[in-house]
Amino acid sequence: METLVHDPAEFERMTRRYLGALLHIQALGQDSAAAKLAQTLRYLALRFGGPVDGDGYRELDISLTQSDVARLANVSRETVSHELSALKNQQAVWQTGKRYRLHVGRLSRFSGDELQPDINLSTYPRSP
């Protein structure tokens, strides 16, 4: 505990990990597959996404297959495919191959959770 008091960077890192774990747990506890997927994608955007040109999207710096996303959200790959189509229609997700651009605000609304969009769990610096 003393390390956290004397090392603000370590405190920030641990706080981000804790918030990320809470978001992932929240995603898995959702009632519907659509909400699970939206929450999981929001978590990924906040944890692994870098800001893209101030348009509200975050681009994941990791490549994911639909099977990878299905395992993370604890739903079938077929469900991911179906629900991704709905999220794309809502302009919450842009996908090219294994690369994703995710809009945190739209994912929050789609999942029914109005999380403050300025939360930052990634290691990218905040833009002013």
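What to note about this one:
- Unique match (being at pLDDT 70 or above, within 25 Å of V75 (Cβ to Cβ), more than 10 Å from the chain's Cα centre (by Cα) and part of a helix (DSSP H, G or I)) among A9, A35: A35
- So A73, is it crowded, with 16+ Cβ neighbours inside 10 Å, in contact with a strand residue (DSSP E or B) (Cβ under 8 Å, 6 or more places away or on another chain), modelled with pLDDT under 95 and of a type in the set (A, V, I, L, M): no
- The residues of region 80-110 that are farther than 17 Å from Y43 by Cβ, hydroxyl-bearing (S, T, Y) and not in a strand (DSSP E or B), listed by number, are S81, S85.
- Selected residue [crowded, with 16+ Cβ neighbours inside 10 Å and either outside any helix (DSSP H, G or I) or modelled with pLDDT of 75 or more (or both)] from L23, L44: L44
- Matching residues in region 85-112 - criterion: being more than 13 Å from the chain's Cα centre (by Cα) and aliphatic (A, V, I, L, M): A86, L87
- Filtered by the rule that a residue be crowded, with 16+ Cβ neighbours inside 10 Å and in a loop (DSSP other than H, G, I, E, B), region 57-70 gives a lone residue, L64.
The values are calculated or read from the model by the stated rules, or taken from the named source; none is laboratory data. These figures come from a predicted structure and were not determined experimentally. Cβ atoms come from the backbone with ideal geometry, glycine included; neighbour counts cover every protein chain shown.
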